[in-house]
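The values are calculated or read from the model by the stated rules, or taken from the named source; none is laboratory data. Every value quoted in this text rests on a predicted model; they were computed, and no experiment measured them. Backbone-built Cβ (ideal geometry, glycine too); neighbour counts: all protein chains shown.
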């Protein structure tokens, strides 16, 4: 949603309800971003982006989303495109979408529609799902998208960086679709990389 700019005179002329609507729009263009690392320098090199489940690797949907992350990694100085067996770093990309009833879906694998993993479940792939503070967990008009990336050195599997970006929107918002949400969240996640560790910050989309 684009920022709404109004003059002081125009703002005075608006009724309270309209002012509240403007404020809601202005405050709804952020993602919640959390990152973890040791504050040690993070080197660059060759990097492959993989899903948590190897069976998803050949999914066209996953590859499309992985390219959104690869764009950001190349901007940061990493090289992408080589097989995972030939790179220095492995970035595990986990994308989740949670509807207002707590059902979870992932690119290439759907666990929603009545057989989804409820929010807060510790079962399998549902463990990484996060929900913004203050969200309504039983509102079917809402959808939450999370882009989570974990970067490890391939040689010793030591984690060097971990982060996630989350956005909750109405189900009919453009960002409710993963094809729109993932590029925006990936850009927010890697902005000012590596970021301040251990803090959740709001990043403008």
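If you check residue 165 against the conditions, is it part of a helix (DSSP H, G or I) and surrounded by 22 or more Cβ atoms within 10 Å (Cβ to Cβ)? Before the answer, list the steps.
Working: part of a helix (DSSP H, G or I): no; surrounded by 22 or more Cβ atoms within 10 Å (Cβ to Cβ): yes.
So residue 165 does not fit the description; no.
Inside region 44-59, can you point out the residues that are loosely packed, with under 14 Cβ neighbours inside 10 Å and either assigned to a strand (DSSP E or B) or at pLDDT 95 or above (or both)? Before the answer, list the steps.
Restricting attention to region 44-59, the residues satisfying the condition of being loosely packed, with under 14 Cβ neighbours inside 10 Å are 44-45, 54-55, 58.
Those that are loosely packed, with under 14 Cβ neighbours inside 10 Å and either assigned to a strand (DSSP E or B) or at pLDDT 95 or above (or both): 44, 45.
Inside region 90-105, can you point out the residues that are assigned to a loop (DSSP other than H, G, I, E, B) and touching a residue at least 60 places away in the same chain (Cβ under 8 Å)?
100, the sole residue that qualifies.
Tell me, please, whether a residue that is over 16 Å from residue 151 (Cα atoms), without any contact (Cβ under 8 Å) to a residue 60 or more places away in the chain and in contact with a helix residue (DSSP H, G or I) (Cβ under 9 Å, 6 or more places away or on another chain) can be found in region 32-55.
Taking every residue of region 32-55 in turn, none turns out to be over 16 Å from residue 151 (Cα atoms), without any contact (Cβ under 8 Å) to a residue 60 or more places away in the chain and in contact with a helix residue (DSSP H, G or I) (Cβ under 9 Å, 6 or more places away or on another chain).
Among the numbered conditions (1) exposed (fewer than 15 other Cβ atoms within 10 Å of the Cβ); (2) under 22 Å from the mean Cα position of the chain (by Cα); (3) modelled with pLDDT of 90 or more, tell me where residue 70 comes up short.
It is condition (1) that residue 70 fails.
Evaluate the following for residue 2: is it closer than 25 Å to residue 192 by Cβ and either in a helix (DSSP H, G or I) or modelled with pLDDT of 50 or more (or both)? Steps first, please.
On the way: closer than 25 Å to residue 192 by Cβ: yes; either in a helix (DSSP H, G or I) or modelled with pLDDT of 50 or more (or both): no.
Here the answer is no, as residue 2 does not meet what is asked.
Can you find even one residue in region 114-132 that is in contact with a strand residue (DSSP E or B) (Cβ under 8 Å, 6 or more places away or on another chain), within 23 Å of residue 59 (Cα to Cα), buried (at least 16 other Cβ atoms within 10 Å of the Cβ) and modelled with pLDDT of 90 or more?
No, region 114-132 contains no residue that is in contact with a strand residue (DSSP E or B) (Cβ under 8 Å, 6 or more places away or on another chain), within 23 Å of residue 59 (Cα to Cα), buried (at least 16 other Cβ atoms within 10 Å of the Cβ) and modelled with pLDDT of 90 or more.
Considering region 75-89 alone, what residues qualify as being out of contact with any strand residue (DSSP E or B) (no Cβ under 6 Å at 6 or more places or on another chain) and either surrounded by 14 or more Cβ atoms within 10 Å (Cβ to Cβ) or not in a helix (DSSP H, G or I) (or both)? Reasoning before the result, please.
So in region 75-89, the residues out of contact with any strand residue (DSSP E or B) (no Cβ under 6 Å at 6 or more places or on another chain) come out as 75-77, 81, 83, 85-86.
Within region 75-89, 76, 77, 81, 83 qualify.
Test of understanding: among 148, 181, which residue is in contact with a helix residue (DSSP H, G or I) (Cβ under 7 Å, 6 or more places away or on another chain), part of a strand (DSSP E or B) and at pLDDT 95 or above?
Values: 181 fails: part of a strand (DSSP E or B).
Exactly one of 148, 181 is in contact with a helix residue (DSSP H, G or I) (Cβ under 7 Å, 6 or more places away or on another chain), part of a strand (DSSP E or B) and at pLDDT 95 or above, namely 148.
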